[in-house]
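Report on one structure; see the data block that follows.
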Amino acid sequence: MKPKKLLTALAVLLIVIIAGCKKDTFVEVDGVCPEVISVTPVDEAINVPLSTTITATFNEDMNPATITPATFSVQSSLKSAIKGTNKSTASVVPGSLSFDNATQTATFVPTDPLIADLTYTCKLTQGIRDFAGNALQFDYVWSFSTGTVIIPEVPYVKCSDPDDGFTNVVLNKVVSSCFSMPMDGTTVNETSFTLYNGLIQVDGAVTFVNEIAYFTPTNLLESGVTYTATLTSAVKNTEGTSLSEDFVWSFTTGSNLTPAVTSTNPNDAQTDVPINQVITANFNMAMLNTSLTTSTFTLMLGTVLVDGLVELNTAGTSATFTPTANLETSSTYTATITTQVKSLGGVSVPIDYVWEFSTVAHAGPLAPDLLSVARFGIISGVGVTNAAGASVINNLDVGIYPGARSSIVGFFAVDGGPGIINNGDYYAADDAAPTPAMLEQAKLDLVAAYLFARDATSPAPATVAGDLGGTTLAPGIYKSTSTLLIQSGNLTLDAQGDVNAVWIFQIASDFTTVGGSPMPSPAGGNVILAGGAQAKNVYWQVGISAVIGDYTSFKGNVLALTSITMNAYSVAEGRMLCQNGAIVLTSTNTITKP
């Protein structure tokens, strides 16, 4: 071939390579042929979810007008059920199409969920083009299969008590059954769980506890009678699947009884129970003394086991649980007689007997809720100063808002001072987010608690004035219209056995405790707790400023408007919380979480 013709041929070939994309008409050549670079689901994927949407991503921006049901289609394939054939039937899947220019992705959303256990074939034709008119160079086809339909597991009755055909069943028998899987307890009721004496339906109550269905007859069963129990197909599991058929079984009674709890004191759901209540369970027969212990006759406060002594009376028909300490007020307790409790004949109580009761309300007023400010042992508005000595804050934080961190002075972690925090931290308004927002909320919660304490009126406040030293006060609200002192002796707060008892002191002006002698026996000015009182339940609402005197031992939460000062060597089990001004630890003070 001559050189000139060779160059011409190479030039033509180069043009074809650069712009060799199929076009119906002459258009501007952009040098790029559209290609499919990925699809979902991927080709030959299996167990594809029925909610799947189908996508195809291209190597460049495509013309959405060319992406239509004619160029992007999905078909389902179903093999023929006719014996001896290997044909498949296909049907077009309806759906909607869209194209995302940002990701160069075409999306097909089926109108309805896909069908289980089918193969789907997706096709992108050469009719799809980019904006320059360049077409796909070939039809792009891929397929995937959906998962098999999961047939719901059918529940069945796994056990019954008495078993089918049992004889000599006791007359106070509670009939029960268990299941192969978790059940919907609302479907287990007096309609779906029945007991018959021949054609006569037995009255009783149906309960569902810990995945076990119980039928408790209202009266004793008759001796020597065959009873028929039925759980109908109306009983369903938690997925809504019914028993496949009615479960029916029979048993015959004898002439004996099993042990049962006949009454309790307090009764189930009883309220206003005294805090020194002895818990009693009465039985229908004499019980085995060794079977009644603190493991088989229990009392719980929430998840906490209550300590106590269990005793059985001489006749063996009444057991008592005597708590080691008074119960807590305003609390709900749960008592249980377990199936480990037995009669003298060695027959167990058939099911756990459980009942609840609530104790009387606590003495004194409702307590202010400190909410988020409860985490602080010290919080102030403009400054926190440890003036001298190794002051210690235990298990609480120190905060200042709206003051800056530079206004926290005399603490080792802040400026190298002698003060420290054990299991706590320092926070200031100029710390990085989210600390400022946290502090602002804490101050709002402090203001709310201060106003709640100031305005509390139930029970009616008792008026106090001058010096409370040397006095003993029961739980309640105590109101001073001026200043208040604790100076001439110690103030004793006596809860009288109520560990939840609350005190609120409403002080219009300043509050001061005055000590002066070295610990541990200062001349006065201390707050002493007695009768189960707890520092966390004592609130001092101070209208101006509070001063905790030298060497004094203080108890409670101070909610002050202006400022708080702890004088030398004073210690507090509580919190020093100030809205506007500063808090000063004068020398070697301690604040411990109440």
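Number of residues in the range 410-446 that are surrounded by fewer than 16 Cβ atoms within 10 Å (Cβ to Cβ) and among the β-branched types (Val, Ile, Thr) equals 1.
The set of residues from the range 151-167 being among the acidic types (Asp, Glu) and part of a strand (DSSP E or B) comprises just one member, Asp161. For the structure I just gave you, tell me whether Ile507 is touching a Lys or Arg at 6+ places or on another chain (Cβ under 9 Å), farther than 19 Å from Ser570 by Cα, of a type in the set (Val, Ile, Thr) and assigned by TED's automatic domain parsing to the domain that holds Tyr569. It is true that Ile507 is touching a Lys or Arg at 6+ places or on another chain (Cβ under 9 Å), farther than 19 Å from Ser570 by Cα, of a type in the set (Val, Ile, Thr) and assigned by TED's automatic domain parsing to the domain that holds Tyr569.
More than 30 Å from Ile279 (Cβ to Cβ) and in contact (Cβ under 8 Å) with a residue 24 or more places away in the chain, is that true of Ile337?
When the stated conditions are applied, Ile337 does not pass them.
When the range 389-428 is filtered for residues that are among the hydroxyl-bearing types (Ser, Thr, Tyr) and in a loop (DSSP other than H, G, I, E, B), the ones remaining, listed by number, are Ser391, Tyr401. Please find, within the range 300-326, the residue that is nearest to Ser263 (Cα to Cα) out of those that are under 33 Å from the mean Cα position of the chain (by Cα) and of a type in the set (S, T, N, Q). Applying the filter and picking the extreme gives Thr322.
If you go through the range 183-227 and pick out every residue that is over 30 Å from the mean Cα position of the chain (by Cα), closer than 22 Å to Thr253 by Cα and not small (Gly, Ala, Ser), you end up with 22. Quick check: is even one residue across the range 105-112 assigned to a loop (DSSP other than H, G, I, E, B), over 15 Å from Pro34 (Cα atoms), at pLDDT below 90 and in contact with a Gly (Cβ under 7 Å, 6 or more places away or on another chain)? Within the range 105-112, none of the residues are assigned to a loop (DSSP other than H, G, I, E, B), over 15 Å from Pro34 (Cα atoms), at pLDDT below 90 and in contact with a Gly (Cβ under 7 Å, 6 or more places away or on another chain).
What about Val409, is it assigned by TED's automatic domain parsing to the domain that holds Val384, β-branched (Val, Ile, Thr) and touching a residue at least 60 places away in the same chain (Cβ under 8 Å)? When the stated conditions are applied, Val409 does not pass them. If you go through the range 160-182 and keep only what is exposed (fewer than 14 other Cβ atoms within 10 Å of the Cβ) and more than 15 Å from Ser250 (Cβ to Cβ), you end up with just Pro182. Against the test of being in contact with a helix residue (DSSP H, G or I) (Cβ under 7 Å, 6 or more places away or on another chain) and modelled with pLDDT of 95 or more, the options Leu577, Leu585 yield a single qualifying residue, Leu577.
Return a yes/no flag: does the range 272-290 have any residue that is free of Cβ contacts under 8 Å to residues at least 12 places away in the same chain and either of a type in the set (A, V, I, L, M) or loosely packed, with under 14 Cβ neighbours inside 10 Å (or both). Yes. Note on the range 143-159: among residues that are out of contact with any Lys or Arg (no Cβ under 8 Å at 6 or more places or on another chain) and crowded, with 19+ Cβ neighbours inside 10 Å, the one that is farthest from Leu221 (Cα to Cα) is Phe144.
The values are calculated or read from the model by the stated rules, or taken from the named source; none is laboratory data. Computed from a predicted structure; not experimentally measured. Note: ideal-geometry Cβ built from the backbone for every residue, glycine included; neighbour counts use all protein chains shown.
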